[in-house]
Amino acid sequence: MKQRVVLYNPMVEYYTMPLALIAIASHLDRERYEPVIVDGRLERDPVGALLRASEGAVCVGMTVLSGEPIRDAVRMSRAVKARYPDLPVVWGGWHPSMFGAECLDEPSVDATVQGQGEVTFAETVDRWARGETLHGCLGSTYRANGGAVTQNPARPLEDVNALGRHDYSLIDVERYYGLKGKPQLDYIASQGCRFRCAFCADPFVYQRRWVGLEPARIGTEIEELWRRHRFTDVNFQDETFFTSAPRVVAIAEEFIRRALPISWAATMRADQSARLSDADFETCRRSGLRRVLVGVESGSPQMLRRIKKDITVEQVLETAERCRNLGIKVQFPFIVGFPDEDEESVAATLALVKRLRAMSPDFETMIFYFKPYPGSALTQEAVAQGYQLPRTLEEWARFDYVGSKGPWVSAEKYRRVERFKFYQRLAWERVPAWKRPLQRIARWRSRRDAYGFPVEQMLLGSRRGLS
């Protein structure tokens, strides 16, 4: 009889498919184990659903991001331990990868997994099924019987082609279509990142290594999944999808050869775009490429060097022009409010935002405020200068690294940037006829950087201006 392994996805505000849980469940020995995924976002009674699934299980695993998901992960872990005191609970994902030992301050968590989790979790399950400890299990941290926390050495990054094929039958795919509002499949074709951005945790977690699935395997899997689930779009969730240009082109050719009636979206760096030939870019477009996400972060060359982005403003503008000519939409994320960032740097960023936004209504320019994300080089600098990171899981659960500002952003700067965001969006987006007079005013304001007395923002609602 197969032993059940339960995996839980905590509550979050978006409906990306639980790819991490699908990945680690797919790598388990299916002759011995029956993986069950419980997605808290889909359950009316998440606690009841998890407890029912956990009866008689080998263990319960959870994927945990920093921020609000921690609160639900703690709540569910405690519920499991209250009902089944001897059932092991293990956390994986971004937060345990950076704070593996600290997560074990929570008594309901018995072990954590760091980095790539498929092989480590499979070994963890095997050991617990045999009644063994995790001593020597690479890539894990655990609490021994005496209560002492032990951190094992890191596990080398495995070739993802040697891992189990992702089994989407473990989730109700069509249920996610309804929650997303469109038949879109989430898929991950690579792991890791080779770059060194100083604001990002990837260099810490993956040690600047990257591994990708072979194009033929991606083509086969996407086609098989399309025949079963009839999605119209694939959203690649890779950190850096365009890392290898020949591989990306081969993937695009797989889609074309199989005549898949789909569109797709992925991440792209500006320097990767610069290395892509016109013919290769066109092949991607013909295969269905509809949108790329190009992280810019700053319009200041000096700041780009400081944060080790390793791109240039010229590459960003070239990427924008090429995508516009091909009819490919682009999302350009920016960050302001870095520690000690001067007004000249912020002004350069806002100027580049204006230039990109005016190029096409299909370009989005999202502006975020720097928050010290754990594991990044800039965070280490900030801590050395006196910034205090959250110290407990409760504090980390309140950590908002997307919608809040850091202590380096004054109230005046925050107000100015928020007004700028509102008017840039209104000035260049596609709007109905009744809103065009307001749009003309927004364009006039944008050309003159005149954002005082934002009556248009008040007319359209304050929520719009702060989104």
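Observations, loosely collected:
- Only a single item in (1) touching a Phe, Trp or Tyr at 6+ places or on another chain (Cβ under 8 Å); (2) under 30 Å from residue 215 (Cα atoms); (3) not hydroxyl-bearing (Ser, Thr, Tyr) is not met by residue 358, and it is number (2).
- Taking residues in the range 189-204 that are farther than 16 Å from residue 305 by Cα, and partners anywhere that are part of a loop (DSSP other than H, G, I, E, B) and aromatic (Phe, Trp, Tyr), the pairs with Cβ atoms closer than 9 Å and at least 6 places apart or on different chains are 201/373; 202/195; 203/195.
- Yes/no for residue 251 being free of Cβ contacts under 8 Å to residues at least 40 places away in the same chain, buried (at least 18 other Cβ atoms within 10 Å of the Cβ) and within 28 Å of residue 155 (Cβ to Cβ): no
- When the residues of the range 430-456 are filtered to those that are among the small types (Gly, Ala, Ser) and either open to solvent by 20 Å² or more (accessible area, probe 1.4 Å) or in contact with an Asp or Glu (Cβ under 7 Å, 6 or more places away or on another chain) (or both), the one that is farthest from residue 350 (Cα to Cα) is 433.
- In the range 314-327, the residues that are more than 26 Å from residue 302 (Cβ to Cβ) and polar (S, T, N, Q) never reach a residue that is surrounded by 15 or more Cβ atoms within 10 Å (Cβ to Cβ) and modelled with pLDDT under 95 with C-beta atoms less than 7 angstrom apart, at least six apart or across chains.
- Given (1) touching a residue at least 60 places away in the same chain (Cβ under 8 Å); (2) surrounded by fewer than 22 Cβ atoms within 10 Å (Cβ to Cβ); (3) of a type in the set (A, V, I, L, M, F, W, C), number of the condition residue 101 does not satisfy: (1)
- Taken together, 34, 13, 43 contain a single residue that is free of Cβ contacts under 8 Å to residues at least 60 places away in the same chain, acidic (Asp, Glu) and closer than 21 Å to residue 402 by Cβ, which is 13.
- Residues within the range 216-238 that are open to solvent by 20 Å² or more (accessible area, probe 1.4 Å) and either modelled with pLDDT under 95 or in a helix (DSSP H, G or I) (or both), tallied: 9
- Selection status of residue 288, of a type outside the set (A, V, I, L, M, F, W, C) and closer than 24 Å to residue 235 by Cα: yes
- Scanning the range 342-361 for residues that are in a loop (DSSP other than H, G, I, E, B) and crowded, with 17+ Cβ neighbours inside 10 Å yields one hit, 360.
- Enumeration of residues in the range 284-341 that are among the polar types (S, T, N, Q), open to solvent by 20 Å² or more (accessible area, probe 1.4 Å) and within 23 Å of residue 380 (Cβ to Cβ): 302
- Residues that are within 28 Å of the chain's Cα centre (by Cα) and on the phi < 0 side of the Ramachandran plot do occur in the range 450-463, at least one of them.
- For the residues 163, 179, the requirement of being buried (at least 16 other Cβ atoms within 10 Å of the Cβ) and either under 25 Å from residue 103 (Cβ atoms) or touching a residue at least 12 places away in the same chain (Cβ under 8 Å) (or both) singles out 163.
- Residue identified as assigned to a helix (DSSP H, G or I), open to solvent by less than 10 Å² (accessible area, probe 1.4 Å), within 24 Å of residue 45 (Cβ to Cβ) and among the hydrophobic types (A, V, I, L, M, F, W, C) among 73, 82: 73
The values are calculated or read from the model by the stated rules, or taken from the named source; none is laboratory data. Only a predicted model underlies this, so the values are computations on that prediction, with no experimental measurement involved. Glycine also receives a Cβ, built like all others from the backbone with ideal geometry; neighbour counts cover every protein chain displayed. We work out accessible area using only protein heavy atoms, side chains counted, and drop any ligands, DNA or RNA first. Shrake-Rupley method; radii C 1.70, N 1.55, O 1.52, S 1.80 Å.
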